[in-house]
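First the structure, in the form of structure tokens, and then the observations on it.
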Amino acid sequence: MSVMNPDDPASFRHCEVNNLNGIRIHFVDENPSSGKVLLLLHGFPDLWFVSKGYRVIAPDLRGYGSTSSPEDHHVYGHKTVSDDLVALLDYLKIPKVTVLAHDWGGSVGWRFAQFYPKRTLAIAVFCTPYSPPNKEYIPLEDIVKRVPNFRYQLRLSSPDCDKELDADPEQFLMRMLRPCNDGVGPMYDADKDSIIQGRPKVARTKALSERQLKYYVDQYQKTGFHGPLNWYRTTKVRFEESKANLFSLPFFRLRLDLNPIINLPAMMVTASRDVALPPRMAVGMDKFIPKLEIHNVEDAGHWVLWEKPRESLYAFDLPHDHVMGLYHRQHWLCKAGAVKVESKGETAGTKDVAI
């Protein structure tokens with residue numbers, strides 16, 4: 001395993017593979033000699049960790065970093081992203097993984113375990129509760145009526161939000177990437193229908209180094225926000241995916257709804273001060289995940305792994321001394337030194353949840 005410095009993206013082992021499920025995928029691959037594999041799935045910025053003794057695969061998901069960023073939001077559904085991950089695992093000849101995920105990555109992680117249960121040993125998700133596929137399509141506008149704290153998603157899904165965030169990535173990232181005890185007000189101003197436009201400037205939190213901030217800003221200035229924001233435009237796509245499972249049998253093909261039950265060892269870790277995804281939203285998950293454990297981290301917000309790494313890892317019974325920090329916030333990659341591979345309130349069940 002390479003010597004990883006959370007403040008230096010170049011210290012990680014970076015790889016890129018072309019033509020996997022039709023796109024280029026960038027990923028970090030640490031400790032590749034280990035047979036025990038963790039698949040880390042990030043959200044809209046996120047953070048990750050590496051445990052000694054495990055091989056860790058941490059891809060930039062579709063739309064982020066050096067992974068391809070298709071224009072059309074219809075190709076950002078959870079089934080498509082799960083197919084990306086399976087293509088990557090097939091390329092790496094990894095039969096099964098334990099999934100660790102957060103934020104949008106958590107939403108994908110739960111569906112990955114449903115679409116590909118035979119590729120999943122276990123799953124652990126931070127903050128994002130599981131919700132079974134809806135029986136009827138519920139537009140995002142109606143979801144927001146039921147869950148008012150999701151109103152910001154309407155703004156992030158709007159066509160002109162790309163331009164707002166592209167105009168000043170630094171201000172957006174400085175407002176977004178903050179521990180809960182260093183807040184500067186809500187991410188979204190409902191009165192102005194704005195994330196950053198027309199709002200007071202904020203300073204960088206001391207919890208985020210200048211080097212980290214510069215890296216994120218540089219990446220978004222190169223790629224823009226269109227790809228990441230496309231994830232917020234997939235409510236109907238995700239619903240339709242759950243209704244279009246095709247199973248091939250010897251003489252015919254059978255179309256079935258996605259099974260809402262996950263019969264795998266699973267862990268849900270909530271954060272007591274997560275405003276976007278409060279712990280109450282995990283109530284009822286055990287009805288659909290029989291082997292579920294739930295843990296809560298006190299005095300932590302949405303960036304629980306960043307704010308409370310020791311307490312977060314304790315839930316996995318991993319000694320803190322045996323855990324190294326991989327601050328894989330959103331897309332911890334670096335062109336320099338990259339390995340280029342040329343190959344071709346609610347309770348669970350009320351809505352399709354993601355931050």
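Would it be correct to say that Leu258 is of a type in the set (A, V, I, L, M), closer than 30 Å to Ile25 by Cβ and at pLDDT below 90? Yes.
Looking at this structure, is Thr80 over 22 Å from Lys291 (Cα atoms), touching a Pro at 6+ places or on another chain (Cβ under 9 Å), of a type in the set (Ser, Thr, Tyr) and outside any strand (DSSP E or B)? So Thr80 fails the test. Residue check: Leu154 meets all listed conditions (1) crowded, with 21+ Cβ neighbours inside 10 Å; (2) closer than 24 Å to Gly227 by Cα but one, namely (1). Is it the case that Ala113 is at pLDDT 95 or above and exposed (fewer than 15 other Cβ atoms within 10 Å of the Cβ)? Spelling it out, it is not the case that Ala113 is at pLDDT 95 or above and exposed (fewer than 15 other Cβ atoms within 10 Å of the Cβ). Going by the structure shown, is Gln212 open to solvent by 30 Å² or more (accessible area, probe 1.4 Å) and either at pLDDT 95 or above or assigned to a helix (DSSP H, G or I) (or both)? Criteria not met by Gln212.
If you go through segment 163-209 and keep only what is part of a helix (DSSP H, G or I) and among the aromatic types (Phe, Trp, Tyr), you end up with just Phe172. In the list Leu47, Leu40, which residue meets the criterion of being at pLDDT 85 or above and crowded, with 24+ Cβ neighbours inside 10 Å? Result of the check over Leu47, Leu40: Leu40. If the condition is being open to solvent by 10 Å² or more (accessible area, probe 1.4 Å) and under 30 Å from Gln153 (Cα atoms), then segment 86-99 contributes Val86, Ala87, Thr98. Here Glu136 meets each of (1) out of contact with any helix residue (DSSP H, G or I) (no Cβ under 8 Å at 6 or more places or on another chain); (2) buried (at least 20 other Cβ atoms within 10 Å of the Cβ) with one exception, condition (2). Considering segment 144-153 alone, what residues qualify as being within 19 Å of His302 (Cβ to Cβ) and out of contact with any helix residue (DSSP H, G or I) (no Cβ under 6 Å at 6 or more places or on another chain)? Once the filter is applied, which keeps residues that are within 19 Å of His302 (Cβ to Cβ) and out of contact with any helix residue (DSSP H, G or I) (no Cβ under 6 Å at 6 or more places or on another chain), segment 144-153 yields Val147, Pro148, Asn149, Tyr152.
Residues in segment 282-303 that are assigned to a loop (DSSP other than H, G, I, E, B) and farther than 21 Å from His42 by Cα: Val283, Gly284, Phe288, Ile289, Pro290, Lys291, Glu298, Asp299.
Scanning segment 215-231 for residues that are open to solvent by less than 10 Å² (accessible area, probe 1.4 Å), in a helix (DSSP H, G or I) and within 13 Å of Glu170 (Cα to Cα) yields Tyr216, Tyr220. What residue, among those in segment 173-209 that are touching a Leu at 6+ places or on another chain (Cβ under 9 Å) and surrounded by fewer than 18 Cβ atoms within 10 Å (Cβ to Cβ), is farthest from Pro159 (Cα to Cα)? Among those that are touching a Leu at 6+ places or on another chain (Cβ under 9 Å) and surrounded by fewer than 18 Cβ atoms within 10 Å (Cβ to Cβ), it is Ala207.
The values are calculated or read from the model by the stated rules, or taken from the named source; none is laboratory data. Worth saying up front: this structure is predicted, and the values here are computed from it rather than measured. Neighbour counts run over all protein chains shown; Cβ positions are idealised from the backbone, glycine included. Accessible surface is based on the protein model in full, side chains and every heavy atom, while ligands, DNA and RNA are left aside. Shrake-Rupley method; radii C 1.70, N 1.55, O 1.52, S 1.80 Å.
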